[in-house]
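See structure below.
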Protein chains: 2
Amino acid sequence: MRNQLGKTISLGHGSGGKLSHELTGNLFVRYFNNEILAPQTDSAIVKVNRENLAFTTDSFVVDPLFFPGGDIGKLAVCGTVNDLAVSGAIPLFMSASFIIEEGFGMDQLETIVKSMAEESRMAGIKIVAGDTKVVDHGQCDKLFINTTGIGVIDPERIHISTGANIRYGDKIIVNGTVGDHGVAILSARESLSFESKLETDCACLNHLIADVLKKTDKIRFMRDATRGGLATVLCELAADKSFGIELDEVGIPVKEGVKGMCEIFGFDPLYMANEGKAVIVVAVEAAGDVVSLLRKDPIGKNCSVIGEIVEDHPGQVVLKTEIGGKRIVDMLAGEQLPRIC
Amino acid sequence: MRNQLGKTISLGHGSGGKLSHELTGNLFVRYFNNEILAPQTDSAIVKVNRENLAFTTDSFVVDPLFFPGGDIGKLAVCGTVNDLAVSGAIPLFMSASFIIEEGFGMDQLETIVKSMAEESRMAGIKIVAGDTKVVDHGQCDKLFINTTGIGVIDPERIHISTGANIRYGDKIIVNGTVGDHGVAILSARESLSFESKLETDCACLNHLIADVLKKTDKIRFMRDATRGGLATVLCELAADKSFGIELDEVGIPVKEGVKGMCEIFGFDPLYMANEGKAVIVVAVEAAGDVVSLLRKDPIGKNCSVIGEIVEDHPGQVVLKTEIGGKRIVDMLAGEQLPRIC
């Protein structure tokens, strides 16, 4: 195993990209060894007697803790709510566990806790369990938060997290501009100021997704495009499958400010993190309805059909560029921007 | 709020003692504000349609990562399994979320993951969801692990975590010697070597507890005595109640080596952490049966009746000392030994 994984942990092992997948596959999935963990979906789907539950965990180590449009608390709630929602589940309960550095400001903590309370209230999820650990000054960087969520899922929607029902010709939709969160963190970290305000897109998607699922039973797959961005989610989806993905660069919504920042820093918006964006694969006949519905909601109004499921190049994501060329979109090996969430 | 909580976070806020309770009550319970979180039991009891679930979370920041008799991985599994088990639930599923410092040794991580895999297999709980974050060197101390668990609970056992059915005269049992885990960490940290091997008591209690619950329906309360030790659990139990607790010092099993270490460092074994000890309150008529059953199991063989629920001094824990005196056992204000779990 050591040959495949290297001798020490690198930042890339937490990137959500190739190294992350190797670590997860060769270490966690290998040893924990069970059929529920193996598919590596956003939420595990577990059966407890008569109910099907979605169950998901995330630790948040974002730096800085406060950034344009959000803070670690809001992020910690939205991240877990979204992981449940894109699995087709209704988010119900959440735990919140804090690792705090000695000397951390109580008023900052209060602001963050308030933000979690407000966000969870709006999402309709209850924070019912918690834990607090404090470590000596210098043993963690300010504050880390773990949230773990439980949702209930209709058995007829279990395929949504695996994409088992995906067919050639299905349309791929994203509910708005990509890369906003990554760029908001980058600008906060670099203390950059711009004329255009670059805010995180951090938002709970569960109400919007519930509306979509009420409207149509033709949703074939959903996932939120967080660490590693849109590109990583689509590469994960296509990997080892009998279909390919064709993306249309013209269709992918990116804010001008995000484009600009990415150019300056040499980043690609397709790989920049989002915290309020879902990739939705839907049967072609229902795509129009889904777009119309998304457009009515503030967090869906910039939605766009960005590509489709194709028979060609199975396992691969191919981008039709604005100038008419084609290029393969691959998963990043390492880390574009550490501590993004 | 600031007056009650101070301006910054101190180690005591993570101790499990008085400062922890103030932080939890005045910040988390206040803002997250719901009837499930409010009782602050080890597991939240939530209803998902037709099923009652126990749900619990813990972050583990123990230092060092490896210590006599265990490591952070074993601890992270047992801690969450035990929180579910003492609530009267059957542990089913667990998430595991890792925050890793860049440069951490892959073989150490593999050892820890193996240890989690082995412990969870023995306990019969499946690790079905996970997350990995990597932070720059110096931004966390080696490795932190969060585990969050789900169990299923028979509605007739929900009273076990709150102690709602406790009656005067009920007996208090502990399943073995107290303070072992705290002393094992202390000795590992101080690089002390003793003739007597001081190992952690870290163990999953769910099978033992399942046997107890099968044997009798007279269990009135259970909780595992982790951070803050036996004293803290009993103080929490008695607080604001119409009953008192009388402890008999002679009955409390403590290893000679643990006593010795505590004397050297000026600690009290009653406040030393355990990771495989449950406090069990049982109706007097069933106490003998429970003791007999516990004695048959390696992790229960040193069990002992350590006290009882009394009508006197409601809200207080009083210890009858070996020399015949009485003293009030109070919750510690601050932190006896940081990063114990």
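The values are calculated or read from the model by the stated rules, or taken from the named source; none is laboratory data. A quick note: this is a predicted structure, and the numbers were derived from the prediction, not measured. Ideal geometry is used to build each Cβ from the backbone, glycine not excepted, and the neighbour counts take in all protein chains shown. For the accessible areas, the whole protein counts, side chains as well, though only heavy atoms, and no ligand, DNA or RNA atoms are used. Shrake-Rupley method; radii C 1.70, N 1.55, O 1.52, S 1.80 Å.
Note on the range A:164-329: with charges restricted to the Cβ of Lys and Arg (+1) and Asp and Glu (-1), its dipole about the Cα centre is near 280 debye. Within the listed set A:ALA225, A:ALA117, A:ALA85, the residue fluctuating most in the Gaussian network model of chain A (springs between alpha-carbon atoms under 10 angstrom) is A:ALA117.
Bridgeable aspartates and glutamates around A:LYS114 (alpha carbons under 18 Å apart, same-chain partners fewer than 8 residues away excluded): A:ASP71, A:ASP131, B:GLU22, B:GLU35. Annotation for the B:A interface, with buried accessible surface near 7200 Å², both sides summed [1.4 Å probe; non-protein components not counted].
Rolling a 1.4 Å probe over the protein chains gives B:HIS21 an accessible area of about 60 Å². Cα-based values for the range B:41-158, radius of gyration first and Dmax second, are 15.1, 49 Å. Averaged over the residues of B:57-70, the number of partner chain Cβ atoms lying within 10 Å of the residue Cβ comes to 3. Exposure check, 1.4 Å probe, all protein chains in place: A:VAL282 carries approximately 0 Å² of accessible surface.
The packing ranking, built from the mean of other Cβ atoms within 10 Å per residue, places the peptides A:294-302, A:321-329 in the order A:294-302, A:321-329, highest first. Considering only B:LEU247, B:SER191, A:VAL134, and ranking their Cα positions along the charge dipole of the protein assembly as shown that arises from unit charges at the beta-carbon of Lys, Arg, Asp and Glu, the one farthest toward the positive end is B:LEU247. Per residue, the protein assembly as shown exposes an accessible area of 37 Å² to a 1.4 Å probe, with every protein chain left in place.
The 1.4 Å probe gives accessible areas that order B:MET122, A:MET94, largest first, as B:MET122, A:MET94. Partners of B:LYS326 within straight-line reach, counting aspartates and glutamates whose Cα lies under 18 Å from its Cα and excluding those fewer than 8 residues away in the same chain: B:GLU246, B:ASP248, B:GLU249, B:ASP268, B:GLU308, B:GLU311, B:ASP312. Using a 10 angstrom cutoff on alpha carbons, build the Gaussian network for chain A and name the most mobile of A:VAL135, A:VAL284, A:VAL250. Among A:VAL135, A:VAL284, A:VAL250, the largest mean-square fluctuation in the Gaussian network model of chain A belongs to A:VAL135. Among A:GLY163, A:MET331, A:THR56, whose Cα projects farthest towards the positive end of the dipole of the protein assembly as shown, with charges put on the beta-carbon of Lys, Arg (+1) and Asp, Glu (-1)? Comparing the listed Cα positions along the dipole, A:GLY163 ranks first. Per-residue mean of foreign Cβ neighbours for B:45-53 is 5 (Cβ atoms of other chains, 10 Å radius).
How would you classify the range B:258-318 from its alpha-carbon gyration tensor, with a ≥ b ≥ c the square roots of the eigenvalues: rounded for a/c under 1.5, else prolate if a/b is greater than b/c, otherwise oblate? Here the range B:258-318 falls in the oblate category.
Semi-axes of the equivalent ellipsoid of the range A:164-329 are 26, 20, 13 Å, computed as sqrt(5λ) over the eigenvalues of the C-alpha gyration tensor in descending order. Pairs spanning more than 19 Å between alpha-carbon atoms, out of A:LYS171/A:LYS320; A:LYS142/B:LYS142; A:LYS18/A:LYS277: A:LYS18/A:LYS277.
Quote the FRET efficiency, to the nearest 0.05, computed for A:THR162 versus B:VAL250 with a Förster distance R0 of 51 Å and r equal to the Cβ-Cβ distance. Using R0 = 51 Å, I get an efficiency of 0.30.
Inter-chain neighbour count for B:80-93: the average number of beta-carbon atoms from partner chains within 10 Å of each residue's beta-carbon is 1. How charged is the neighbourhood of B:GLY151? Take every other residue with its Cβ under 13 Å from the Cβ of B:GLY151, and add Lys/Arg as +1 and Asp/Glu as -1. So the surrounding residues net to -2. Considering only A:ILE185, A:ILE127, A:ILE99, the Gaussian network model of chain A with Cα springs below 10 Å gives its largest mean-square fluctuation to A:ILE99. By a 1.4 Å probe calculation restricted to protein chains, A:PHE66 has an accessible surface near 80 Å², given to the nearest 10.
Rounded to the nearest 20 debye, the dipole size of chain A about its Cα centre is 540 debye, using +1 on the Cβ of Lys and Arg and -1 on the Cβ of Asp and Glu.
Of the listed residues B:GLU246, B:GLU275, B:GLU35, the order by accessible area with a 1.4 Å probe, largest first, is B:GLU35, B:GLU246, B:GLU275.
Here chain A yields Rg over Rh of 0.95, to two decimals, using C-alpha coordinates and the Kirkwood radius.
Computed over protein heavy atoms with a 1.4 Å probe, the carbon and sulfur contribution to the accessible area of the range A:164-329 reaches 48%. Each Lys and Arg adds +1 at its Cβ and each Asp and Glu adds -1 at its Cβ; summed about the Cα centre, the protein assembly as shown shows a dipole of about 940 debye.
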